[in-house]
Structure formats: structure tokens, C-alpha cells
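Okay, so here's the structure we're looking at.
The values are calculated or read from the model by the stated rules, or taken from the named source; none is laboratory data. Model, not experiment: these values are computed from the prediction. Ideal geometry is used to build each Cβ from the backbone, glycine not excepted, and the neighbour counts take in all protein chains shown. Protein only, heavy atoms only, side chains kept; ligands, DNA and RNA dropped before computing areas. Shrake-Rupley method; radii C 1.70, N 1.55, O 1.52, S 1.80 Å.
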Amino acid sequence: MFDAKHIAAQFPALQQQVNGQRLVYLDSAATTQKPQCVIDALSHYYQQQNANVHRGSHSLTAHATSEFERARETVTEFIGAQSSKEIIWTRGATEALNLIAQTYARNLLRPGDEILVGEMEHHANVVPWQIVAEQTGAKVVKIPMTQECQFDLASFNRLLTDKCKIVALAHITNVTGTRQPVEEVIASAHKLGAVVVVDGAQGIVHEPVDVTQLNADFYVFSGHKLYAPAGVGVLYGKQALLEAMPPWHGGGKMVEKVSFAGTTFGELPGKFEAGTPNVAGAIALMKAIQWYQGLDQHALATHIHQLVEKTKTALEQLDDVRILGYQPNASVISFVIDGVHHQDVATLLDQQGIAVRAGNHCAHPLMDALGVTGTIRASFAAYNTIEDVESLVAAVEKAVDML
Ligand SMILES: Cc1ncc(COP(=O)(O)O)c(CN[C@@H](CS)C(=O)O)c1O
């Protein structure tokens with residue numbers, strides 16, 4: 001039995017009222033709330049440890065640098081990377097995906113090459129590939145989804161030819177929570193010499209990740225979806241790929257020697273970390289990972305899946321409510337109320353203290369495929385309870401009656 005109420009009590013943001021009602025936070029796929037221990041790690045850093053890292057010659061900077069690199073080691077172990085050199089700090093998944101597109105892909109792609117991208121992808125895993133395709137004369141090819149909002153593996157294998165150099169897909173998608181077949185995609189792509197970029201923004205927080213076992217070439221995620229602050233994220237890349245890539249941004253730390261006659265670049269991971277990094281964010285992400293690893297992962301997953309299942313069963317009883325792309329064992333559920341704009345529903349829910357997301361969820365192609373302009377999405381995390389489900393369903397029922 002997963003004690004979500006005990007978990008929720010660790011989250012200061014969840015103790016507040018919104019519009020005079022208990023906050024029911026069901027938007028964790030957008031960003032999770034933060035446990036007190038993570039908040040404390042941030043404030044402790046700025047109260048006691050703050051210094052720039054890898055620069056300077058005093059005790060504070062030495063300590064801050066060792067904590068910063070300990071955070072990198074923590075991420076290395078958390079995702080099963082072979083070396084901490086394969087862990088690049090970014091602002092988040094979006095920046096990591098753009099970094100890969102503008103270094104690995106831009107350096108590799110030639111006219112006529114193809115980048116295969118899933119139809120359900122978040123814009124962060126579509127637009128960077130469109131930009132680099134425009135820059136290089138390559139082509140982005142859509143991998144269609146099935147009617148059941150699953151990754152269409154048969155179509156993928158048909159589209160996969162030796163023209164394909166890169167495949168980009170989410171581990172878990174953000175609108176329907178579809179767990180995509182990354183293992184099969186990686187095996188097929190590698191047979192043709194293509195690399196696979198896995199967008200782990202949702203996956204990292206809903207199942208154990210072992211990038212070595214997965215054999216992913218790149219895996220990206222954001223700290224803020226993993227109970228850590230916004231502004232810190234991770235790009236994992238196989239060391240051989242990262243070594244061969246040109247740098248992303250120029251500046252301090254990423255160089256070996258700068259002269260106007262020419263500049264040589266630093267080693268991994270610094271080559272991709274120009275400028276002063278988000279030291280506090282990295283240290284807080286370390287704390288978030290340590291906190292998260294303290295949870296019973298099986299019990300947590302079972303708990304979240306039960307909450308989503310109960311939500312589905314209850315919403316299905318309501319007139320005009322249509323659930324879209326439901327996936328067993330997902331952490332999110334998306335639905336519409338026929339004849340009512342999704343934003344109006346979210347506003348009514350908000351007036352009852354219930355925080356969900358409405359709109360296209362940065363997934364226009366998926367909305368087009370579903371034939372809607374947007375959905376209402378409820379997304380669940382470790383702190384959500386059955387009472388949250390009951391509050392959501394009662395509020396949706398009220399919205400159906402009112403609108
Ligand atoms: C699958 C997937 N891929 C990339 C991103 C971007 O993450 P950033 O931390 O913003 O860089 C997200 C973020 N999805 C949020 C905000 S749009 C959502 O409400 O669904 C995502 O879900």
C-alpha cells in the first residue's frame with residue numbers, strides 16, 4: 001500500500017487552498033511540485049555553499065565543485081550510464097534535444113537524409129529536427145501512430161531505410177502516457193546504422209531507466225518533472241558520439257586554449273557546458289533523485305496506475321465525456337467534454353481548486369490526428385490520492401451539468 005498522504009505532507013505547495021478550496025494538483029506532467037528536502041537543498045546551497053564551479057581557488061568553490069560533480073555522479077548511477085563524462089547538464093529536455101540537433105545532427109546530415117519522428121511527439125522533439133532538416137537539406141519523416149494512440153511499429157519498420165540517420169521518439173508521451181517501444185526501435189535503427197534519440201521527459205519519472213541496457217544513443221530529461229527545480233536537465237549521450245560532436249555554445253570552461261589564431265576545446269563533459277552552470281539546480285536534482293529512490297517504485301507505479309484507472313472508470317459514466325487515447329498503466333488521462341471548450345472546463349475545475357492542463361500540450365500533430373483542438377489532461381504523481389480522483393470527477397460532473 002503506497003502512502004500518498006504521507007508523501008503529500010512533504011510538499012509545502014500542496015498544503016494551500018486555491019480559490020477557497022483544497023488544492024488538487026493534477027498537472028505533474030507539466031511540472032511536479034517539490035518536497036521540502038529539495039527546497040531545503042536549494043536554500044542550503046545559497047546560504048552555505050554558493051560559489052562558481054571549476055573556477056576560482058578558495059574553499060567555497062572547491063566544495064561547490066565537488067557537490068556539483070557528485071550530482072553528476074548521482075545522475076550517472078541513476079540512469080545506468082557508463083561514465084559521468086556522458087552526463088551533460090542542460091536547462092532541460094528541450095535544450096538537450098536542440099543541442100543534439102545542432103551539433104550531432106547538423107554535423108552529420110546531408111541532403112536526402114531522413115530523420116524519423118513519432119506522430120505523438122512533444123514539439124521539443126519535432127521542431128529541433130525540422131530546423132536542422134531545413135539547415136542541411138535532410139527530411140523529417142513522420143512515424144504515424146495507431147488508432148489506439150500507440151507507436152505504429154509496422155509503419156516504422158516500413159519507413160526505416162538506409163536514408164534514415166536519426167530516429168527521435170519519447171519514452172513515454174505526454175498527452176496519453178503511451179509507453180513507446182524504444183527497445184524495438186533502437187534494435188531496428190541500429191541495424192541500419194541510425195542513432196536513436198529518446199525523449200525521457202515523461203519516462204524518467206515513471207519507470208526505471210538504464211541507458212546502457214536500453215542501448216540508447218541519447219536520452220534526455222528535465223529535472224522539474226522529477227521533483228527537482230526548473231532550469232536543470234540532463235543530456236545523456238554515448239561517450240563516443242559526444243567526443244565526435246562539435247561544441248554547442250562557446251565560452252568559459254568549454255575550452256582548452258583560446259587565441260585569436262584559433263581555439264582548442266575542452267574535454268567531456270565541459271565541452272558542452274559553456275558558462276556558469278545551474279549549480280544549485282544540479283545539487284537539488286541530486287537531492288530529488290535520492291528522495292525519489294527512497295520510494296517503493298513498484299508500489300508507486302501501481303498506485304498511480306490505480307488512480308488513473310479509477311479516474312477513467314468514473315469519467316466514462318459521465319455524459320458527453322470522451323476519453324482520448326487511454327493507455328493501461330499510464331500516469332496521465334486526457335479527455336474532452338463534447339460541445340464544451342477544453343479551456344472552459346479547466347477554468348471551472350480551477351475554480352474548484354483543481355489544477356489540470358487544457359490545450360494542445362505542445363503536441364499539435366497529435367491533436368490533429370485526434371481531430372480535436374485540445375484536451376483536458378489530468379496527470380498524477382507520488383503525492384496524489386484517491387480523494388484527488390474523487391474531487392476531479394465531482395468537479396467534471398459539475399462542469400458537465402453547468403456547461
Ligand atoms: C515528452 C516531453 N518532451 C519534452 C518536454 C519539454 O520539457 P521542458 O522541461 O519544457 O524542456 C515535455 C514537457 N511537457 C510539459 C510542458 S509542455 C507538458 O505539460 O506536457 C514533455 O512532456
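Averaging sequence separations of C-alpha pairs under 8 Å and six or more residues apart, then dividing by the length of the chain, give the relative contact order as a whole percent. Could the numbers behind the result be given before it?
Details: 794 pairs, mean separation 92.1, N = 403.
Contact order relative to length: 23 percent.
Ordering GLU273, GLU134 from largest to smallest accessible area (1.4 angstrom probe), what's the sequence? Don't skip to the answer; put the middle values down first.
Numbers: GLU273 10, GLU134 155 Å².
Correct descending sequence by accessible area is GLU134, GLU273.
Which of the lysines could a cross-linker span from LYS5 if the Cα-Cα distance has to be under 27 Å and same-chain partners fewer than 8 positions apart are dropped?
Partners found: LYS34, LYS225, LYS287, LYS310, LYS312, LYS398.
What number, in nm² with one decimal, is the all-direction average of the projected area of the convex hull of the alpha-carbon atoms of region 215-355? If you can, show how the numbers build up before the last one.
Details: hull surface 54.1 nm².
Over all viewing directions, region 215-355 projects a mean Cα-hull area of 13.5 nm².
Which of rounded, prolate or oblate describes region 1-137 when judged by the alpha-carbon gyration tensor and an a/c cut-off of 1.5?
Values: a/c = 2.51, a/b = 1.29, b/c = 1.94.
Oblate, because a/c is 1.5 or more while a/b does not exceed b/c.
Can you list the HN-Hα couplings for region 117-130, worked out from phi with the Karplus curve (6.51, -1.76, 1.60; θ = phi - 60°), rounded to whole Hz and with x for Gly and Pro?
Couplings: 10, x, 5, 8, 5, 5, 3, 5, 10, 10, 5, x, 6, 5 Hz.
Report in % the part of the accessible area of the chain that belongs to carbon and sulfur, leaving out ligands and nucleic acids; probe 1.4 Å.
Looking at the chain in its full context, I get 51 percent from C and S.
For the chain, what is the accessible area per residue in Å² when the probe is 1.4 Å? Don't skip to the end; give the middle numbers.
Numbers: 16650 Å² over 403 residues.
Each residue of the chain exposes 41 Å² on average to a 1.4 Å probe.
Please list 3J(HN,Hα) in residue order for region 198-210, calculated via the Karplus relation 6.51 cos²θ - 1.76 cosθ + 1.60 where θ = phi - 60°; whole Hz, with x for glycine and proline.
9, 8, x, 4, 9, x, 4, 9, 10, 7, x, 10, 10
With every protein chain left in place and a probe of 1.4 Å, what is the accessible surface of GLU183, to the nearest 10 Å²?
Taking all protein chains as shown, GLU183 has close to 80 Å².
One-quarter of the Cα convex hull surface for region 68-178, in nm²? Write down the numbers at each step before the final one.
Numbers: hull surface 32.2 nm².
The number I arrive at for region 68-178 is 8.0 nm².
Which cross-chain or sequence-distant (5 or more) residues have an amide H under 5 Å from the amide H of LEU226, H modelled 1.01 Å from N in plane?
THR32
Averaged across orientations, what area in nm² does the convex hull of the alpha carbons in region 344-403 project?
Values: hull surface 18.8 nm².
Directional mean of the projected Cα hull area for region 344-403 stands at 4.7 nm².
When 1/r is averaged over all different Cα pairs and the result inverted, which Kirkwood radius in Å belongs to region 109-236?
Values: mean 1/r = 0.0675 Å⁻¹.
Every distinct Cα pair counted, the radius reaches 14.8 Å.
How do ASP296, ASP113, ASP162 rank by accessible surface area computed with a 1.4 Å probe, from largest to smallest? It would help to have the intermediate numbers written out before the result.
Numbers: ASP296 90, ASP113 25, ASP162 110 Å².
Result, largest first: ASP162, ASP296, ASP113.
In a Gaussian network model over the chain where Cα atoms closer than 10 Å are linked, find which of VAL372, VAL196, VAL185 has the largest mean-square fluctuation.
Checking each option, the largest mean-square fluctuation is seen for VAL372.
Aspartates and glutamates near LYS257 by alpha-carbon distance under 18 Å, same-chain residues fewer than 8 away left out - which ones?
GLU243, GLU267, GLU273
Given a 1.4 Å probe and heavy atoms of the protein chains only, how would you sort PHE265, PHE2, largest accessible area at the top? Show your work: numbers first, answer last.
On the way: PHE265 95, PHE2 25 Å².
Putting PHE265, PHE2 in descending order of accessible area: PHE265, PHE2.
What is the dipole size for region 147-196, taken about its Cα centre, with +1 at each Lys and Arg Cβ and -1 at each Asp and Glu Cβ, in debye to the nearest 20?
Details: 5 positive and 5 negative charges, 38 e Å.
The calculation lands at about 180 debye.
To the nearest 20 debye, what is the magnitude of the charge dipole of the chain about its Cα centre, counting +1 on the Cβ of each Lys and Arg and -1 on the Cβ of each Asp and Glu? Let's see the in-between values first.
Values: 29 positive and 41 negative charges, 233 e Å.
Result for the chain is approximately 1120 debye, rounded to the nearest 20.
For region 183-283, what is the relative contact order in percent, using Cα pairs closer than 8 Å and at least 6 residues apart in sequence? Before the final figure, lay out the partial values.
Working: 128 pairs, mean separation 18.7, N = 101.
With pairs under 8 Å counted, the relative contact order is 19 percent.
Taking the convex hull of the alpha carbon atoms in region 65-115, what volume per residue do you get, in Å³?
Working: hull volume 5.5 nm³, N = 51.
Taking only Cα atoms, region 65-115 has a hull volume of 109 Å³ per residue.
Give me the tail of P(r) for region 17-65 as a percent: Cα-Cα pairs with distance above 15 Å. Intermediate values should be presented prior to the final figure.
Working: 762 of 1176 pairs.
Value for region 17-65 (Cα pairs over 15 Å): 65 percent.
How many angstrom lie between the C-alpha centres of region 43-97 and region 270-336?
Taking the Cα centre of each part, region 43-97 and region 270-336 sit 24 Å apart.
Using a 10 angstrom cutoff on alpha carbons, build the Gaussian network for the chain and name the most mobile of GLN49, GLN317, GLN33.
Greatest mean-square fluctuation among the candidates belongs to GLN317.
Suppose we keep just the alpha-carbon trace of the chain; what are its Rg and Dmax in angstrom?
Here Rg and the maximum Cα pair distance are 21.9, 73 Å.
Students often forget the sequence filter, so: which lysines lie under 24 Å Cα-Cα from LYS191 once same-chain residues fewer than 8 apart are removed?
Reachable lysines: LYS139, LYS142, LYS163, LYS165, LYS238.
What net charge is computed for the residues neighbouring VAL18, neighbours being all others with C-beta under 14 Å from the C-beta of VAL18, Lys and Arg scored +1, Asp and Glu -1? Before the final figure, lay out the partial values.
On the way: positive: ARG22; negative: ASP27, ASP350, ASP388.
Here the charged neighbours net out to -2.
Listed highest first by mean packing, meaning other Cβ atoms within 10 Å per residue, what order do 173-179, 310-316 come in? Don't skip to the end; give the middle numbers.
Numbers: 173-179: 26.4, 310-316: 17.3.
Final packing ranking: 173-179, 310-316.
Cα-Cα pairs above 18 Å in region 266-334: how many percent?
Details: 1470 of 2346 pairs.
The calculated P(r) of region 266-334 puts 63 percent of pairs beyond 18 Å.
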